[in-house]
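The values are calculated or read from the model by the stated rules, or taken from the named source; none is laboratory data. Note that the structure is predicted; figures quoted are calculated from it, not measured. In this analysis, Cβ positions are derived from the backbone assuming ideal geometry, glycine residues included, and neighbour counts consider all displayed protein chains. Ligands, DNA and RNA are excluded from the accessible area calculation, which covers all protein heavy atoms including side chains. Shrake-Rupley method; radii C 1.70, N 1.55, O 1.52, S 1.80 Å.
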Amino acid sequence: MSYPTTRVLAMLELLQAHHRMGGAELAERLGVDERTVRRYARRLDELGIPVVAERGRYGGYRLMPGYKLPPLMLSDDEATATVLGLLAARRLGLAATAAEAALAKVRRVLPTVLGERVEALREALGFTLAERQAVTPDADKVLGLAAAVRQRRRVTLRYRSHQGAESERELDAYGLVFHSGRWYVTGHDHRSSQTRTFRVDRVLSVTPGTATYEIPSDADPVQHVTRSLANVPYTHRVEVVLHAPLEEVGKRVPPSVGTLSKEGDGTLLRTRADSLDGMAALLAGLGGRFTVREPPELEEAVRRLAATLLESVTTS
């Protein structure tokens, strides 16, 4: 809330959400003093939004009884699409807190009949996708990077690595990618002279520069992010030949799992893993024959999994 207009609108939202609020509480929520709150109340009144100021020890502010903002002009289809989008964003962890707040605002301003129908949809809707706990970066960093991509304007990033080391990077951003509950930005990193991927929640600041650039025609941020994640240096290097055509395997193994290449009549999967038991379960879940090339310990993990599954089977 760095701009007065934003804080005035935030005050209106608070007064809509509460029957009344004291001046001190409003000041604290808005990050201003009580004198500024009085000025905001006058500004709202000038805009035709009647704010009643109650004086005295227990005084405060409230909207004039019976006053409501005009209803949000959405058709049934538009309101449904809006609510579905916000529910999906919350489920995916795309912007869970913000999506919940936006959903509450939309419900408050919809006409009564449409609002009840939309609320019924929210209560009745179920997801087969498990709710994801996501790491949501600051909106100003996401929006700043998005603006840089759109304007083709180089930015300076202050970045903290997984180990906690801070660095400064000059980045020509190619695109933002949301994957498995996290935001990533990919682009040309002038420090390494390579296309790199950075987690946005580890970005400490984004400073726009003056230099411009062109995004290469073959740049594919989504593919680059998924391949980068597949090559993260885990404990074990894994090579497995899957006895199925590359086209078939490609439909079952996402790029983030590993790299696939044609190997005779089958497909070679190269990846890395911290847990060989987890890799054994992944291979079993593919539902086909395979041959382990490396590491030899993966074969033992597969046999342990097979024995556990056999022991779990009960006969009637």
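Of the set (1) closer than 26 Å to Leu103 by Cβ; (2) open to solvent by 40 Å² or more (accessible area, probe 1.4 Å); (3) not in a helix (DSSP H, G or I), all apply to Ala53 but (1). Put simply, of Thr291, Thr267, Thr271 the only residue that is farther than 17 Å from Gln223 by Cβ, surrounded by 15 or more Cβ atoms within 10 Å (Cβ to Cβ) and among the hydroxyl-bearing types (Ser, Thr, Tyr) is Thr267.
Report, by residue number, each residue of segment 79-109 that is among the β-branched types (Val, Ile, Thr) and either open to solvent by 30 Å² or more (accessible area, probe 1.4 Å) or assigned to a loop (DSSP other than H, G, I, E, B) (or both). Scanning segment 79-109 gives Thr80, Thr82, Thr97, Val109.
Assess whether Arg20 counts as being under 20 Å from Pro65 (Cα atoms), surrounded by 13 or more Cβ atoms within 10 Å (Cβ to Cβ) and under 35 Å from the mean Cα position of the chain (by Cα).
Yes; evaluated as a whole, the condition is true for this residue.
Could we say that Leu229 is surrounded by 14 or more Cβ atoms within 10 Å (Cβ to Cβ) and assigned to a helix (DSSP H, G or I) here? So Leu229 fits the description; yes.
Taking the listed residues Arg237, Arg304, the one that is of a type in the set (Lys, Arg) and either buried (at least 16 other Cβ atoms within 10 Å of the Cβ) or not in a strand (DSSP E or B) (or both) is Arg304, with no other qualifying.
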